[in-house]
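Let me begin by presenting the structure, written as structure tokens, before commenting on it.
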Amino acid sequence: MATEIQQVPLKTIDGKDATLGDYAGKVLLLVNVASKCGLTPQYEGLEKLYTDYKAKGVEVLGFPANNFREQEPGSDEEIATFCTTNYGVDFPMFAKISVKGDDQHPLYQKLTSEYPSAFFKDNVFKDRLEGFGLKQDKPSDVFWNFEKFLVAKDGTVAGRFAPDIAPTDPIITDAIDKELAK
């Protein structure tokens, strides 16, 4: 039986209907991405993770969002071209959504309610953003671009990682390996 998260209607970046249920039985890493962020080079790590883990049953799923200082201003077509041209992105990308606020997409409503806080290695990144006046309105809010949610094979949320933790960091790969072993 599909979980609520797996039933949320989505659109792929090229406009096709989808759900996370399309990836049932796989471990998923969902990431809110942006093209004009200091963390945008994480696309390289996300693609490496996807390449290294796809055959093991892992999917990396990108969700463009323009919630943070308008760092994802482009259309879905422009975003797709940017990702392919600049980072060779081959992992599935979805239509631009809102990951926080009054217009928060239902997927991110469910992700943040099931796993209300991200793991931070330390508070340096968080403190730096707060120093720029950027704070979470609610404790469960996505903090910034490139926050990562780990979804287990059964569709439950198994982890949430701060934006500054690189996709290939052992904190994330160990969590993925743990989920794959279940």
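Throughout, read-outs are computed from the coordinates displayed, never taken from laboratory work. What you are looking at is a predicted structure, and each value in this text was computed from that prediction instead of being measured. Note that we place each Cβ from the backbone using ideal geometry, even for glycine, and neighbour counts take in every protein chain shown.
Numbers below:
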{"quantity": "Size of charge dipole - region 118-182 - debye, nearest 20, with Cβ of Lys, Arg +1 and Asp, Glu -1, no other charges", "calculated": "120 debye"}
{"quantity": "Prolate/oblate/rounded label for region 97-182 (Cα gyration tensor, a/c 1.5)", "calculated": "oblate"}
{"quantity": "Cα-centred dipole magnitude for region 4-181, charges only on beta-carbon of K, R (+1) and D, E (-1), debye, nearest 20", "calculated": "220 debye"}
{"quantity": "Simple label model, 7 Å out from Cα along Cβ direction - Glu4 to Phe119, nm", "calculated": "2.4 nm"}
{"quantity": "Among (1) 28, 18, 15; (2) 40, 22, 15; (3) 22, 19, 17, the entry that matches semi-axes √(5λ) of the Cα gyration tensor in Å as calculated here", "calculated": "(3)"}
{"quantity": "Amide hydrogen neighbours beyond the local backbone of Ala158, cut-off 5 Å, H modeled", "calculated": "Leu150, Val151, Ala152"}
{"quantity": "Environment charge at Gly155 (Cβ cut-off 11 Å; Lys +1, Arg +1, Asp -1, Glu -1)", "calculated": "0"}
{"quantity": "Mean residue ellipticity (222 nm) of the chain, computed from DSSP H runs ≥ 4 via -39,500 (n - 2.57), nearest 500", "calculated": "-9000 deg cm²/dmol"}
{"quantity": "Listed residue (Ile165, Gly38, Ala175) projecting farthest to the positive dipole end of the chain, Cβ model", "calculated": "Ala175"}
{"quantity": "Spin-label pair Asp90/Leu134, simplified geometry with 7 Å Cα→Cβ offset, distance in nm", "calculated": "3.1 nm"}
{"quantity": "Thr40, Thr168 arranged by Cβ crowding within 10 Å, fewest neighbours leading", "calculated": "Thr168, Thr40"}
{"quantity": "Integer Hz, Karplus 6.51/-1.76/1.60 couplings in order for region 165-179, x for Gly and Pro", "calculated": "7, 4, x, 9, 4, x, 4, 7, 5, 5, 5, 5, 4, 4, 5"}
{"quantity": "Mean separation of Cα contacts under 8 Å, 6 or more apart, over the residue count of the chain: relative contact order %", "calculated": "28 percent"}
{"quantity": "Ranked list, fewest to most other Cβ atoms within 10 Å of each Cβ, for Asp169, Asp52, Asp103, Asp164", "calculated": "Asp103, Asp52, Asp169, Asp164"}
{"quantity": "Residue-by-residue Karplus 3J(HN,Hα) for region 140-154, coefficients 6.51, -1.76, 1.60, Hz, glycine and proline x", "calculated": "8, 4, 4, 7, 6, 4, 6, 6, 10, 10, 9, 10, 6, 4, 8"}
{"quantity": "Environment charge at Tyr87 (Cβ cut-off 15 Å; Lys +1, Arg +1, Asp -1, Glu -1)", "calculated": "-3"}
{"quantity": "Net charge of neighbours whose Cβ lies under 10 Å from the Cβ of Gly15, counting Lys and Arg as +1 and Asp and Glu as -1", "calculated": "-2"}
